[in-house]
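The values are calculated or read from the model by the stated rules, or taken from the named source; none is laboratory data. Keep in mind it's a predicted model, so treat the numbers as computed, not measured. FYI the Cβ positions are ideal-geometry reconstructions off the backbone, even for glycines, and counts take in every protein chain you see. Note: accessible area is taken over every heavy atom of the protein model, side chains too, but ligands, DNA and RNA are not part of it. Shrake-Rupley method; radii C 1.70, N 1.55, O 1.52, S 1.80 Å.
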Amino acid sequence: MKTDAMSRYATRRAVLTAGSTSPGVVLEAAGDFLRRATRLGTEGVEAALRGLGRPGVETWLQAQKPQALQPVLLRAAEEAMEVALEGGDEAEVWRASALEGLAARDRAASAAFALAAWEGLHGALDGEAARNRDRYLESLGSLDSSLRPRARWFIPLNPQRRQELELLDSAEQDKAWWFGSRAGCDDLVATWTGGPQTPTPHIQGCVECRADIADAAPVDAPPRRHLTQDDLWRFDMGMMSADERERMDAHTARCGECAQAVLALGEGDDAIEEALEMEEGDGTMARAARSSREPASQRPSAARHPEHREVLEERREFRVVLVRERQRVRLLVQPLTGRTVTAAVFLSPGRPSLKPTSGPEGLAFDLSTASSTGARSAHLTVQAGGETLERDFAF
């Protein structure tokens, strides 16, 4: 495997001598070797950088948009999760595509590294070119700050990530989080795809893995406690899974306080039903006709559950709204100024991400199915124009 990687980089050396190659491609190839000088050498790098003229480099730099790497890396994260969930040839297809996403971030790092070396040979950029350079480097830093804490998404790619990491010079290994961060946490994948198990020595000694497992615990195994207002709301909405309902029944069988809270929901249904019947003009006759409490499925209680909207985030270019309806929860990402908006919702590791649908209100994510499986939180990323939002939310 390591030999294959070294051969792959060796074929890139031809890029350094191809006269018709664009400045950006030359910078990426030169940076690849400069960042791996110990293992691969730097033959041909200086000559290639000296051959790059200032106008070409400045034009390339002006066109750079590092924020475009964010959806690439998010898609790679989704594909890496598929590697953990799938098997056989299909998993290999997901793996190859996800690794290409990581390679795109690494090429940007190589270009930035080689740009500094180019300035050392040709003199520092100035004026607008210097400002473009600073914006380029700052954007890469912002991208890394938002995504590095979520490097666990790439753990299913660890064998290939370690292979790439070993080729980098030691000073570069710490910077290349897309290859190095969580590269030893393979054991965590088993906790996503299997049931409870004895922690491995790695998990016992890894602070990050233990934190990930602790964060997922409320989702995978809700704590034994009294029913919360959210529990009661989900029960009343009919959104509890069969397992959740079974646990709730077992709890209320021994907890009088929670049993009373559940009973109050039913009494509230009766009172509202009577009020609705009276509004229809013949409430007295309707109540007299009732011989006993009707089953919950026959109560007209949907009328008492209007749509509830909670604005989670509002920016100049978009708004994020959590919409709760009876037996349905949606997340809306609404463009405000005619901008093109892209968004993705990622659930906890081991569960697939959600696909949006386009509608008159913008992008919509249906969270109901995820909620019925026990998922209670997710990560949202939104990009509109030059503005990016990263945040976790509960539903």
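Once both labels are positioned 7 Å from their Cα atoms along Cα-to-Cβ, the gap between Asp169 and Thr38 label points is 1.0 nm. On the basis of the beta-carbon distance and an R0 of 41 Å, Asp249 and Thr198 show a calculated FRET efficiency of 0.85. Heavy-atom accessible area for Thr342, with the other protein chains in place and a 1.4 Å probe, reaches approximately 70 Å².
Largest to smallest in accessible area, the residues His122, His251 fall in the order His122, His251 (1.4 Å probe, all protein chains included). The share of C-alpha pairs in the stretch 66-141 whose separation exceeds 15 Å stands at 63 percent. Leu347 contributes about 20 Å² of solvent-accessible surface, heavy atoms of the protein only, 1.4 Å probe.
Ordered from highest to lowest accessible area with the whole protein assembly present and a 1.4 Å probe, Trp153, Trp94, Trp192 read as Trp94, Trp192, Trp153. Once the convex hull of all Cα atoms in the stretch 22-61 is built, its volume per residue stands at 54 Å³. Using a/c under 1.5 as the rounded threshold, could you call the stretch 1-148 rounded, prolate or oblate? The axes a ≥ b ≥ c are square roots of the C-alpha gyration tensor eigenvalues, and prolate needs a/b larger than b/c, oblate otherwise. Verdict is oblate for the stretch 1-148. Heavy-atom accessible area for His226, with the other protein chains in place and a 1.4 Å probe, reaches approximately 100 Å².
A simple charge model with +1 on the Cβ of Lys and Arg, -1 on the Cβ of Asp and Glu and nothing else charged puts the dipole of the stretch 69-223 at about 320 debye relative to its Cα centre. Projected label points at Asp186 and Glu361, each 7 Å from Cα along the beta carbon direction, are separated by 4.6 nanometres.
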